[in-house]
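Read the structure below first, then the notes.
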Amino acid sequence: MLPFVAMLLVIAICPLCAPHWWEPNRHKLIASAVLGLPVVGFYALRRPPALVHAAEDYVSFIVLLAGLFVISGGILLRGDLVATPATNTAFLALGGVLASFVGTTGASMLLVRALLQTNSERIRVKHTVVFFIFIVSNVGGMLTPLGDPPLFLGYLSGVPFAWTFRLWPQWLFMVAVLLLLYFVWDTRRYVHEPLAALRRDRAEIEPLRVRGGLNALGLALVVLAVAFLHAPWREIAIVAVAGVSLWRTPASVRRANGVTAYPMTEVAVLFFGIFLTMIPALELLRVRGGELGVREPWQFFWAAGTLSSFLDNAPTYLTFLALAQGLHLTDEVAGVTHAVLAAISVGSVAMGANSYIGNAPNFMVKSIAEEAKVAMPSFFGYMLYSGAILVPLFVIVTLLFFR
């Protein structure tokens, strides 16, 4: 278990305590390799098939994320609308829907720059980016395995593709509440904007334009590949669609989107270490998970969600799925009950919004906003927002859906 615990601590602590050392992806690869090596040696001697299974899941996981990253990076959305509360709320609502079908990372990268450009004349913008992270980068990606990494890992672990549509009541409730709160908040902020800023906002209007729109067809093809194909044909199809996207999309579109290989490389090297080190942790939970005392849906919701707030939500999801399987509950789906799997899924996806390190798009959106001169909250300042807004929302979700 120690390499897995160390891997999670490295991911959580290094960005805060040693950001400059942690920034190059080669240092992340070194950490992943060093911590994964003991597990590779042990399982190579004792049970090589476990390594093969982990490698297959890793390849499928990375191919899907890379495919969505490449294809969504070929769609450029630009424009400067009048930044009224209604306009901003419409942006967030659109992102809350798209996130489930192009991934939280894809939807975030597709919409955040257009939203920031629309609000560039306004003074009070910070709260808009915070709610964008809540809705588009996290809660919105709950309806399909494409939406968020933990759900795709669940799909690879035997959860049917269409099962996540069962989460629509939780998704609709949380997105609707957050959109309503945002609209009220932004309306109050809007009336306190300087008159000069509002005049500039109304004067500097640029219609929304889309370049690389053909990539939307590519995203649809990825959805079909995941839904109807199995490995290795699924991965071959995704790579082929991504290759066509790279070939047919002008390089200027990706440059304008600020697309680089860095974020995808970062995900690949970190999950290389995670997939290796979590093998014994998952096996131990399957065998001894019942001893932890987590049995009820509400307990799984808060346990999986709390860890997802500060550790990566994908391995957290698998950890608690393995724990639930170890309880030998009624086998309704993937060895657990529908209620327990829903609790693990919603907790892992939604509570990734509780901190900047809960989900990969959170930090990406923060960095893009700061490049646009938006004074974003600090790590703990952001958690004041999430603590005041999201924690009460999750308490209500518990009472409504997971008691």
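Key figures for this structure:
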item	result
Index of the failed condition, Ala54 passing every other in (1) more than 21 Å from Tyr262 (Cα to Cα); (2) of a type outside the set (D, E, K, R); (3) over 24 Å from the mean Cα position of the chain (by Cα)	(3)
Cβ pairs under 6 Å, 6+ apart, first in segment 260-272 and modelled with pLDDT of 85 or more, second open to solvent by 50 Å² or more (accessible area, probe 1.4 Å)	Val269/Leu29
Within segment 365-387, considering residues that are touching a helix residue (DSSP H, G or I) at 6+ places or on another chain (Cβ under 6 Å), assigned to a helix (DSSP H, G or I) and among the hydrophobic types (A, V, I, L, M, F, W, C), the one nearest to Ala304 (Cα to Cα)	Val365
Selected residue [out of contact with any helix residue (DSSP H, G or I) (no Cβ under 7 Å at 6 or more places or on another chain), open to solvent by less than 30 Å² (accessible area, probe 1.4 Å) and farther than 23 Å from Pro315 by Cα] from Ala114, Ala86, Ala90	Ala114
Hits in segment 210-261 - residues which are open to solvent by 50 Å² or more (accessible area, probe 1.4 Å), part of a helix (DSSP H, G or I) and not aliphatic (A, V, I, L, M)	Phe228, Trp233, Trp247, Arg248, Arg255
Count of residues meeting criterion [part of a loop (DSSP other than H, G, I, E, B) and either touching a Pro at 6+ places or on another chain (Cβ under 7 Å) or open to solvent by 10 Å² or more (accessible area, probe 1.4 Å) (or both)] in segment 123-145	4
Residues being free of Cβ contacts under 8 Å to residues at least 12 places away in the same chain and either open to solvent by 60 Å² or more (accessible area, probe 1.4 Å) or assigned to a loop (DSSP other than H, G, I, E, B) (or both) - total across segment 163-197	6
Candidates Ser386, Ser367, Ser355, filtered to the one that is at pLDDT below 85 and either small (Gly, Ala, Ser) or closer than 21 Å to Thr144 by Cα (or both)	Ser367
Identity of the residue in segment 318-348, of a type in the set (Ser, Thr, Tyr) and modelled with pLDDT under 90, that ends up most open to solvent (accessible area, probe 1.4 Å)	Thr330
Checking Lys373 against (1) touching a Gly at 6+ places or on another chain (Cβ under 9 Å); (2) of a type outside the set (A, V, I, L, M); (3) free of Cβ contacts under 8 Å to residues at least 24 places away in the same chain, the condition it does not meet	(1)
The listed residue being β-branched (Val, Ile, Thr), touching a strand residue (DSSP E or B) at 6+ places or on another chain (Cβ under 8 Å) and within 20 Å of Gly140 (Cα to Cα), out of Ile75, Ile71	Ile75
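Quick grid of which residues meet (1) part of a helix (DSSP H, G or I); (2) open to solvent by 30 Å² or more (accessible area, probe 1.4 Å); (3) among the charged types (D, E, K, R); (4) closer than 21 Å to Gly141 by Cβ:
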site	(1), (2), (3), (4)
Ala281	yes, no, no, no
Trp302	yes, yes, no, yes
Ser308	yes, no, no, yes
Pro315	yes, no, no, yes
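The values are calculated or read from the model by the stated rules, or taken from the named source; none is laboratory data. A quick note: this is a predicted structure, and the numbers were derived from the prediction, not measured. Here the Cβ is made from the backbone with ideal geometry for all residues, glycine too, and neighbour counts use every protein chain on show. Heads up: the accessible areas ignore ligands, DNA and RNA and are worked out on the full protein's heavy atoms, side chains in. Shrake-Rupley method; radii C 1.70, N 1.55, O 1.52, S 1.80 Å.
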